[in-house]
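Worksheet: the structure to be examined is printed underneath.
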Amino acid sequence: MKNFLKLTALLLLLSITSYARSIEDIKESGEITIAVYEDFPPYSFVENGELKGIDVDLGKKIAKSLNVKALWYLTGFDENLAADLRNTIWRGNKVHKNKADLMFRIPYDYEYMRLTDVSTGELQNEMVTIKGPYQSEKWIIATHKDIIPEIKTLAIFAYQTIGVEVDMLPDLHMSGFARGMLQRNIKHYRNFQDAVKDFKDGKLDAIAGLKSQVEYLLDYKNNKDKYYLTKNIPQMKSQWDIATAVASTYRALSYHVDGEIEKAYKNNEIKKIFEKYNVEYLPPISRTQ
């Protein structure tokens, strides 16, 4: 805990004067501020006082390509992704007003990028440029093989328990399934890692979450005999690409990031990063079609 607090203090100190900048300003300063979500393994997390994760490793690669030092902006989850982008990339944090130059783990989805504000009709994300898709992500269900060896329909959860993170898509989808038939067996958690702990302890029959996160937290690569993973969640859009975001006024940076990620994808560097964390790599759909 002490190491975590020290690291957090250092990260905040380093980013205290940060603001979104052009690629020229970044090179001149010798530093790039990169936003990743805090406590979100295997993408970004602190272990033994060191910031690690898939997004962290990719961020270091981007910084190296610019010949600058990576400064980390740890951000939490706001009410929705539009708020995350507003507070982290183009407007700045509500309290300290700091901004990041680059942010990881943004949906690369045409429908999302074209979302409009209900009250104004304006694009929700017109202030950011989303480029550099680097993986495809899925929502899946994991079960104890000896209890639920396979899933053909969600109706099985009328009899078996499943843990979900509150207000995430699996929660909303399953809670509304068959007019709420499953609700009594859906256990809600503020933190998905708590759901995983209860699942591993045998307090839940199943969990629903992000494929990469489920694989990492269950050490699935070494426990395939114990757990069954679905390919998706029945009757739900379960797969989309993950990319990066920068302020729309600094498109040159987004093009540079996209080019570096394209190279890393083609030479299998990204795949190796995922393998490092014992997670199966799903290539971005947009780069395989």
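Evaluation of LYS64 against the conditions (1) assigned to a loop (DSSP other than H, G, I, E, B); (2) closer than 20 Å to GLU260 by Cα; (3) modelled with pLDDT of 95 or more shows that the sole unmet condition is (1). When segment 165-192 is filtered for residues that are under 17 Å from the mean Cα position of the chain (by Cα) and among the aromatic types (Phe, Trp, Tyr), only PHE192 remains. Residues in segment 182-192 that are part of a helix (DSSP H, G or I) and either on the phi > 0 side of the Ramachandran plot or touching a Phe, Trp or Tyr at 6+ places or on another chain (Cβ under 6 Å) (or both): ASN185 alone. Condition first: in contact with a strand residue (DSSP E or B) (Cβ under 8 Å, 6 or more places away or on another chain) and surrounded by fewer than 19 Cβ atoms within 10 Å (Cβ to Cβ). Now tell me which residues in segment 76-89 satisfy that. Residues satisfying the conditions are GLY76, PHE77, LEU81. Of the listed requirements (1) in contact (Cβ under 8 Å) with a residue 40 or more places away in the chain; (2) assigned by TED's automatic domain parsing to the domain that holds VAL214; (3) touching a strand residue (DSSP E or B) at 6+ places or on another chain (Cβ under 6 Å), LYS187 misses just one: (1). Each residue in segment 28-55 was checked for being without any contact (Cβ under 8 Å) to a residue 60 or more places away in the chain, in contact with a Leu (Cβ under 8 Å, 6 or more places away or on another chain) and assigned to a strand (DSSP E or B), and 5 pass.
Restricted to strands (runs of 3 or more DSSP E) entirely inside segment 95-181, those with at least 2 residues that are charged (D, E, K, R) and either crowded, with 16+ Cβ neighbours inside 10 Å or at pLDDT 95 or above (or both) are 128-144. Just wondering, is there one or more residues in segment 29-49 that are at pLDDT 75 or above and more than 29 Å from LYS272 (Cβ to Cβ)? Yes; the residues of segment 29-49 include at least one that is at pLDDT 75 or above and more than 29 Å from LYS272 (Cβ to Cβ).
The values are calculated or read from the model by the stated rules, or taken from the named source; none is laboratory data. Computed from a predicted model, the values in this text were never measured in an experiment. In this analysis, Cβ positions are derived from the backbone assuming ideal geometry, glycine residues included, and neighbour counts consider all displayed protein chains.
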